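Below is one structure, written out as structure tokens, with a few remarks after it.
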Amino acid sequence: MKHWLGTVALLVIGGGGVCRAPAQTADEFVAQGRDIPQERNPSMALAYFDSALSLDRENYEANWRAAQAMVDIGKQWPDDQKNPRRDSLYAFAESLAKKAVQVNPDGADGHYALALSLGRTSLTKSNKERVKYAKEIRAEVLRALELNPQHDRAEHILGRWHAEIRRLSGFTRFFAKTFLGAGIFNEASWQQAIEHLNRAVELSPQTIYHHLDLAEIYIDVGQYSNAREHLDEVGRLPDFDYMDPRYKDRALELLKKIEGKKDKGSDESPGPE
């Protein structure tokens, strides 16, 4: 069969893809990929979305779900290490997400997938380079939440956006303010980071990654009791995403790191310098 996604995707999904029955449609392939579910096996899910796109390049759901699957595969490699394969996956995910937005500008998931792929790419860059992605990430995730206020993953990205801006220091803060504009830069706050991550947890309390990122933000601002609560919850929750065992290891590392620490007084502490 002909694969649309090309060399990068075929290396990930093993080159063979999915055998297509003569009467199978793009929507049927998408449904099969959705039912895996892709959080457990993003490579297999991607093979189905690839098959859907080989039949219908304009399929909205196949585009945004393939983008998400590629990001899910890429995130197994650390952000702070060079990895051309991971970076290619993120770049391809961005192109797929942009296609999804083009096909359906009013679909929340397309805008979410675009914010996701841009956000993951930015995490592989220097702090100064990350700033260049910040305005577009923010615009896409705000649009996703405008279209679907119940989108827990979009809430997560927006909370992470606030935290990443607040984590900048020194000259990078000056650069960020100049590049983003004072208005957008000054909107970023630890409190907003906490509120959006708490909203993500409220919408999807079983998602380990929500709890882990929220705990890291609480550590940034010195709210260690709240951090411990969410790190403990990470350990209690069942694995769902294939990355969850790694997230649980990270939670244990953080619990050791903050052992014995008492809460600070302000949730608007300056963060890491």
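Each row is one residue, and each column tells you yes or no for (1) among the small types (Gly, Ala, Ser); (2) at pLDDT 90 or above; (3) in contact with a Pro (Cβ under 8 Å, 6 or more places away or on another chain).
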| position | (1), (2), (3) |
| --- | --- |
| PRO105 | no, yes, no |
| ASP109 | no, yes, no |
| LEU114 | no, yes, no |
| ASN127 | no, no, no |
| GLU140 | no, yes, no |
| ALA144 | yes, yes, no |
query: Restricting to the range 232-248, what's the tally of residues that are over 19 Å from the mean Cα position of the chain (by Cα) and part of a helix (DSSP H, G or I)?
result: 4
field: Those residues of the range 115-145 which are under 14 Å from HIS196 (Cβ atoms) and of a type in the set (D, E, K, R), in sequence order
entry: ARG138
- line: Going through the range 118-129 in order, the residues found to be surrounded by fewer than 19 Cβ atoms within 10 Å (Cβ to Cβ), in a loop (DSSP other than H, G, I, E, B) and not charged (D, E, K, R) are SER126
Unique residue being closer than 30 Å to ARG250 by Cα, charged (D, E, K, R) and in contact (Cβ under 8 Å) with a residue 24 or more places away in the chain when the list is LYS135, LYS125: LYS135
task: Determine whether ALA115 is under 11 Å from the mean Cα position of the chain (by Cα), closer than 22 Å to GLU58 by Cα, of a type in the set (A, V, I, L, M) and part of a helix (DSSP H, G or I).
output: yes
task: Name the one entry in LYS132, LYS99 that is more than 17 Å from the chain's Cα centre (by Cα), under 20 Å from ALA66 (Cβ atoms), in a helix (DSSP H, G or I) and not aliphatic (A, V, I, L, M).
output: LYS99
task: Hey, could you check the range 176-231 for residues that are assigned to a loop (DSSP other than H, G, I, E, B), more than 12 Å from ARG160 (Cα to Cα) and hydroxyl-bearing (Ser, Thr, Tyr) and say which is farthest from the chain's Cα centre (by Cα)?
output: SER204
task: Evaluate the range 54-61: report whether one residue or more is crowded, with 21+ Cβ neighbours inside 10 Å and at pLDDT 95 or above.
output: yes
Number of the condition not met by SER169 [criteria: (1) part of a helix (DSSP H, G or I); (2) modelled with pLDDT under 85; (3) within 24 Å of PRO78 (Cβ to Cβ)]: (1)
query: Taking PHE175 and the conditions (1) in contact (Cβ under 8 Å) with a residue 40 or more places away in the chain; (2) of a type in the set (A, V, I, L, M, F, W, C); (3) buried (at least 19 other Cβ atoms within 10 Å of the Cβ), which numbered condition does it fall short on, given that it satisfies the others?
result: (3)
task: Specify the residue that is surrounded by the most Cβ atoms within 10 Å (Cβ to Cβ); the eligible residues are those in the range 235-257 that are more than 26 Å from MET44 (Cα to Cα) and of a type in the set (A, V, I, L, M, F, W, C).
output: ALA251
message: Just to be sure before I move on: is SER204 surrounded by fewer than 21 Cβ atoms within 10 Å (Cβ to Cβ), more than 21 Å from LEU89 (Cβ to Cβ) and in contact (Cβ under 8 Å) with a residue 60 or more places away in the chain in the structure I sent?
response: no
- prompt: Scanning the range 56-67 for residues that are in contact with a Lys or Arg (Cβ under 9 Å, 6 or more places away or on another chain) and either outside any helix (DSSP H, G or I) or not acidic (Asp, Glu) (or both), which turns out farthest from GLN24 (Cα to Cα)?
  reply: ALA67
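The values are calculated or read from the model by the stated rules, or taken from the named source; none is laboratory data. Model, not experiment: these values are computed from the prediction. Neighbour counts are summed over all protein chains in view; Cβ atoms, including those assigned to glycine, are modelled from backbone coordinates with ideal geometry.
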